[in-house]
Amino acid sequence: MLPVARLLAGRGAAVAILDHGFLGRNAPPELARMPVPAGGDLGAWPRRAGIGGLCFGTSLADRLPLALARTVREAGMPVVCVLDNWMNYRRRLEMDGGPFLAPDVYAVMDDKARDEAVAEGVPPACLRVTGHPGLAGLAQEIAAAGPDWRRRVRAELGLGGAGRQLIAFIGEPVARDQGTGPEVPGWRGYTERDVLPLLCGLLQDRAESLDVAVVPHPRDDVAELEDLWQTCRGRLGGGVVRGIGGRQVVLAADRVAGMASVLLYEGWLQGKPVLSLQPGLVRADLAEAVRRPGIGLVTGSDRAPEAVALWLGAGQGEARPDCLRHGEAPARLADVMQHLAERAHGEA
């Protein structure tokens, strides 16, 4: 969302960020903030706030974005929804218990997302493949991450030197977010407490030739993750990363492993060997989110040794063409929003 807002503001459009959630915390100060509407009746909010249209990202927990989108839609103003992940395409737009909200444009990342959204019952007419604006700079970062850059990052990590391979393991707070058993809604069938020990155990016979950089998720309890790593690392070199972003670790790594994080997709875009370990998985959406040619997917522990061996034997490939599509995503979305605003103004 932020790359699109910055671009629109740079074009002279009147852009305001709702002072709420991630955007409210992270938008640059030069972008105007708009207070969250007070009170339960949102009907007058669009006109009172001088809004001409709304662009929003989805959430499966925060109901405010969808509530505001419904209000703006009912006021006859254009609504654009920007998707950022490959699952729950329809559910995101009815998660508040109301009827499905069909935005003017439902912007999705690639052809896979479009086809899967249609299969879930999203009307094709509102779908637009724009690329992922949050990955807009990845192609340039890949181009800049040459051998010297990778050596510097590895030296800063203290890992992957002297000819040792560097494995990036992408953490997720699964136990905290989806629970530790089937009594919890959203239960995956595994947690990080199953996955990291499984990987470490299968890497023990390669401990002399590789290091593991464990990348914490922003919601991870880093101390708990460190404890988990220490209990299962065995003879492996490595540690929990601090002070270096996950994307930079993935760019510096030789191969990437994890569960269902979008950083696995970023590693795949870079052409790196990628492994998704989801042993005991009971949710089809989490399998589909990572299912791509070239990503090894493990949903049963008995298949893990073979998958890890194939992953360790795979070589670095070329960057995927979708990197270029994502690079153009902010401009595509800005064009879409300006076109809708101009059309709405002309009809007013």
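The values are calculated or read from the model by the stated rules, or taken from the named source; none is laboratory data. Bear in mind the structure is a predicted one, so any value in this text is a computation, not a measurement. Glycine also receives a Cβ, built like all others from the backbone with ideal geometry; neighbour counts cover every protein chain displayed. To get the accessible areas, we keep the full protein, side chains included, count just its heavy atoms, and leave off ligands, DNA and RNA. Shrake-Rupley method; radii C 1.70, N 1.55, O 1.52, S 1.80 Å.
Going through the stretch 300-339 one residue at a time, which ones are surrounded by fewer than 20 Cβ atoms within 10 Å (Cβ to Cβ) and farther than 30 Å from E141 by Cα?
G300, S301, D302, R303, P305, E306, H339
Out of L83, L135, report the one residue that is over 27 Å from D41 (Cβ atoms) and touching a residue at least 40 places away in the same chain (Cβ under 8 Å). Let's see the steps before the verdict.
Numbers: L83 fails: touching a residue at least 40 places away in the same chain (Cβ under 8 Å).
Among L83, L135, only L135 is over 27 Å from D41 (Cβ atoms) and touching a residue at least 40 places away in the same chain (Cβ under 8 Å).
Can you tell me which residue in the stretch 146-163 is surrounded by the fewest Cβ atoms within 10 Å (Cβ to Cβ), limited to those that are in contact with a strand residue (DSSP E or B) (Cβ under 7 Å, 6 or more places away or on another chain) and under 17 Å from Q270 (Cβ atoms)?
Filtering the stretch 146-163 down to residues in contact with a strand residue (DSSP E or B) (Cβ under 7 Å, 6 or more places away or on another chain) leaves 154, 157, 159-160.
Filter once more, so that each one left must be under 17 Å from Q270 (Cβ atoms): 154, 160.
Numbers: R154: 20, G160: 26.
Per the stated criteria, the residue is R154.
Right, T58: in contact with a Cys (Cβ under 8 Å, 6 or more places away or on another chain) and open to solvent by less than 40 Å² (accessible area, probe 1.4 Å) or not?
yes
May I ask you to say which residue of A38, A49, A67 is at pLDDT 90 or above, in the same structural domain as A117 (by the TED database) and farther than 24 Å from E116 by Cα?
Numbers: A38 fails: at pLDDT 90 or above; A49 fails: at pLDDT 90 or above.
Going through A38, A49, A67 in turn, just one is at pLDDT 90 or above, in the same structural domain as A117 (by the TED database) and farther than 24 Å from E116 by Cα: A67.
Sort through V72, V36 and tell me the only one that's surrounded by 15 or more Cβ atoms within 10 Å (Cβ to Cβ) and of a type in the set (A, V, I, L, M).
Criteria check complete, one pass: V72.
Which one of these does V240 not meet: (1) closer than 19 Å to G161 by Cα; (2) open to solvent by 50 Å² or more (accessible area, probe 1.4 Å); (3) of a type in the set (V, I, T)?
(2)
Of all strands (runs of 3 or more DSSP E) completely enclosed by the stretch 20-108, which ones contain at least 1 residues that are within 14 Å of L127 (Cα to Cα)?
By residue number, 79-82, 105-108.
For the condition in a helix (DSSP H, G or I) and under 20 Å from the mean Cα position of the chain (by Cα), what is the one hit in D115, D205, D194?
D115 is the lone residue from the list that is in a helix (DSSP H, G or I) and under 20 Å from the mean Cα position of the chain (by Cα).
So, in the stretch 31-58, exactly how many residues are in contact with a strand residue (DSSP E or B) (Cβ under 8 Å, 6 or more places away or on another chain) and in contact (Cβ under 8 Å) with a residue 60 or more places away in the chain?
Counting residues in the stretch 31-58 that are in contact with a strand residue (DSSP E or B) (Cβ under 8 Å, 6 or more places away or on another chain) and in contact (Cβ under 8 Å) with a residue 60 or more places away in the chain gives 2.
Which of the numbered conditions does R48 fail, given that it passes all the others? Conditions: (1) open to solvent by 50 Å² or more (accessible area, probe 1.4 Å); (2) touching a Lys or Arg at 6+ places or on another chain (Cβ under 9 Å); (3) not acidic (D, E).
(2)
Of the residues V153, V184, only one is part of a loop (DSSP other than H, G, I, E, B) and in contact with a helix residue (DSSP H, G or I) (Cβ under 9 Å, 6 or more places away or on another chain); which? Spell out the reasoning first.
Values: V153 fails: part of a loop (DSSP other than H, G, I, E, B).
Being part of a loop (DSSP other than H, G, I, E, B) and in contact with a helix residue (DSSP H, G or I) (Cβ under 9 Å, 6 or more places away or on another chain) holds for just one of V153, V184, which is V184.
Examine the stretch 199-213 for a residue that is touching a strand residue (DSSP E or B) at 6+ places or on another chain (Cβ under 9 Å), open to solvent by 30 Å² or more (accessible area, probe 1.4 Å) and under 21 Å from I142 (Cβ atoms), and state whether such a residue exists.
no
Could you please tell me which pairs satisfy a Cβ distance under 7 Å, a separation of 6+ or placement on different chains, a first residue in the stretch 1-30 that is surrounded by 18 or more Cβ atoms within 10 Å (Cβ to Cβ), and a second residue that is of a type in the set (V, I, T)?
As it stands, the answer is M1/V82; A5/V15; A5/I17; L8/V15; A9/V15; L18/V36; L23/I17; A27/I17, since those pairs meet every condition given.
Hey, can you tell me all the residues within the stretch 104-126 that are open to solvent by 20 Å² or more (accessible area, probe 1.4 Å) and either in contact with a Phe, Trp or Tyr (Cβ under 7 Å, 6 or more places away or on another chain) or touching a residue at least 24 places away in the same chain (Cβ under 8 Å) (or both)?
Scanning the stretch 104-126 gives D104, K112, E116, E120, G121.
Would you check if L166 is assigned to a strand (DSSP E or B) and surrounded by 13 or more Cβ atoms within 10 Å (Cβ to Cβ)?
In short, yes.
For the stretch 80-91, name all the residues that are at pLDDT 95 or above and either among the polar types (S, T, N, Q) or surrounded by fewer than 22 Cβ atoms within 10 Å (Cβ to Cβ) (or both).
Answer for the stretch 80-91, where residues must be at pLDDT 95 or above and either among the polar types (S, T, N, Q) or surrounded by fewer than 22 Cβ atoms within 10 Å (Cβ to Cβ) (or both): just R90.
Any residue in the stretch 277-293 that is among the polar types (S, T, N, Q), surrounded by 15 or more Cβ atoms within 10 Å (Cβ to Cβ) and either free of Cβ contacts under 8 Å to residues at least 60 places away in the same chain or assigned by the TED database to the domain that holds Y89 (or both)? Explain how you work it out, then say what you get.
Here is the first cut: in the stretch 277-293, the ones among the polar types (S, T, N, Q) are 278.
When the remaining residues are screened for being surrounded by 15 or more Cβ atoms within 10 Å (Cβ to Cβ), the result is 278.
With the extra rule that they be either free of Cβ contacts under 8 Å to residues at least 60 places away in the same chain or assigned by the TED database to the domain that holds Y89 (or both), the set shrinks to none.
There is no residue in the stretch 277-293 that is among the polar types (S, T, N, Q), surrounded by 15 or more Cβ atoms within 10 Å (Cβ to Cβ) and either free of Cβ contacts under 8 Å to residues at least 60 places away in the same chain or assigned by the TED database to the domain that holds Y89 (or both).
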